[in-house]
Amino acid sequence: MARARTVDRRLFLLLEIAARRMNRDADARLKTEVGVTSAQAAVMFLLSRRGERRMGEIGDMLSLNPPAVTGLVNRMAALSLVIKTSSKTDKRSAVVSLTEKGRALADAADHVLRDLNTELETRLGDTDSDTLHRVLTSLAVDA
C-alpha cells in the first residue's frame, strides 16, 4: 500500500523528464563525437556483445515495438552499420548483424557513454549512484 504523503512526488513524471533530458544529452554527444544516436548505439552494443539477433529479439531486449525496430534497423543498414538478412531457419524473420563499421562505431560510442556515466556518478556521489543503480536495475528487471 502506498504511503500517504503531504506532497505528491510524481516519481513517474520526474523519471520520465530525467530520462528524456539524459537521452537528449547523450544523443547530442554521440552524434557530435561518433555520428550515431543513442538508439543506434543501443542496437550496436547489443549486437557486439551478443552477436547477431532476430529483429524481434532486438525489440524485446530494448523494449521497442516492431515498427520502431524496423525503422531503426533500416536506417542503420542504410548507414552500413548493420546487415539485415533473412533467417536461415525462418524466412519470415530477419536477422541483424554488425558490420565492421558498426563494430568500430560501437566501440567509439562505448567510450562516450562511459564518460557520461562517470560524469553522472561524480555529480551524484557514490551513495546516490549506488542507490540509483539498485533502483533502476530493479525497475528494468521487474518490468
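Values computed for the structure shown
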quantity	calculated
Positive-end extreme of charge dipole, the chain - chosen from 42, 86, 141 (charges on Cβ)	86
Interchain or long-range residues, amide H under 5 Å from residue 54's placed H	96
Among (1) 81, 31, 24; (2) 57, 36, 21; (3) 64, 43, 25, the entry derived from the coordinates for Cα extents along the principal axes in Å	(2)
For the chain, size of Cβ-based charge dipole, Lys and Arg +1, Asp and Glu -1, in debye	560 debye
Rounded to whole Hz, the Karplus (6.51, -1.76, 1.60) HN-Hα couplings of the stretch 12-23, x for glycine and proline	4, 4, 5, 5, 4, 5, 4, 5, 5, 5, 5, 5
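Each value in this text was obtained by applying a stated rule to the coordinates, not by laboratory testing. Note that the coordinates shown come from a computational prediction; the quantities given were computed from them, not determined experimentally. With ideal geometry, Cβ positions are generated from the backbone for all residues, glycine too; neighbour counts draw on all protein chains shown.
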